[in-house]
Amino acid sequence: DQQVKQNSPSLSVQEGRISILNCDYTNSMFDYFLWYKKYPAEGPTFLISISSIKDKNEDGRFTVFLNKSAKHLSLHIVPSQPGDSAVYFCAAKSSGNTPLVFGKGTRLSVIA
Amino acid sequence: DSGVTQTPKHLITATGQRVTLRCSPRSGDLSVYWYQQSLDQGLQFLIQYYNGEERAKGNILERFSAQQFPDLHSELNLSSLELGDSALYFCASSVGPAETQYFGPGTRLLVL
């Protein structure tokens, strides 16, 4: 049973436009959410996170939105750049020393 | 570069064999985590150590074991290898057990 779901395996966006990556979760105990970016042959790189006490967190071109009632979060990248092409993983955890639970990832392709 | 190092980068071995994967965490990080990523799967949490002690266990097979040494590096031992153990194995580290995790580049294991 997947607790973190990324229902779009892939997404293609034109350079300069907005990329929106979605993530749904089922465990209501999750209160901390992260996005990681992964290039081929490299490990996942931490991108941005959000705590359940907030509904938005922004860092440069990256913004994460959290809708707790819908158990949904999204990552917005504006403007998208070719270097953003990678696999993006959504991850969630509950408070304290609990493991991260990852989605299967969404492959983003930004076309010049 | 996350500061987490993993060796070797690639490993090819035969069924029934035993291998050891090594991870050095970022300077100052006390927590080490091991993950497995099989084809088309998200990262599956295997096990976590904090300052030398096992802290949490995930979907780790009995054929697999890990330890964290006094210098905080960690090793993941995989024995009686099967074809299905072929995967990417990632190590991550964090300052404390509930902090953001930073990933190493991974070890790609191929069991023939």
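The modelled label-to-label distance for the pair B:Ala56/A:Lys56, using points 7 Å beyond Cα in the direction of Cβ, is 3.0 nm.
Dipole magnitude for chain A: about 120 debye, using +1 per Lys or Arg Cβ and -1 per Asp or Glu Cβ, origin at the Cα centre. Given in Å, the Rg to one decimal and the Dmax to the nearest whole number for the Cα atoms of chain A are 13.4, 42. In a simple Cβ point-charge model (Lys, Arg +1; Asp, Glu -1; nothing else charged), chain B has a dipole of about 180 debye relative to its Cα centre. Farthest toward the positive end of the dipole of the stretch A:9-112, out of A:Gln81, A:Gly16, A:Val64, is the Cα of A:Val64, where the dipole comes from beta carbon charges about the Cα centre. Look at the dipole of the protein assembly as shown built from charges on Cβ: of B:Thr107, B:Leu21, A:Val101, the Cα furthest out on the positive end belongs to A:Val101. The stretch B:66-84 and the stretch A:1-71 have Cα centres spaced 30 Å apart.
Phi angles across the stretch B:99-110 convert, under the Karplus curve 6.51 cos²θ - 1.76 cosθ + 1.60 with θ = phi - 60°, into 3J(HN,Hα) values of 8, 4, 9, 10, 9, x, x, x, 10, 8, 9, 10 Hz, Gly and Pro given as x. Using only side-chain charges placed at the Cβ, +1 for Lys and Arg and -1 for Asp and Glu, the dipole size of the protein assembly as shown relative to its Cα centre rounds to 320 debye.
Legend: calculated FRET efficiency, A:Val78 to B:Thr5, from the Cβ-Cβ distance at R0 = 35 Å, rounded to 0.05, equals 0.55.
A short reminder: the numbers here are calculations on the coordinates, not readings from a lab. Only a predicted model underlies this, so the values are computations on that prediction, with no experimental measurement involved. Quick reminder, even Gly has a Cβ in these numbers, built from the backbone with ideal geometry, and neighbours come from all protein chains shown.
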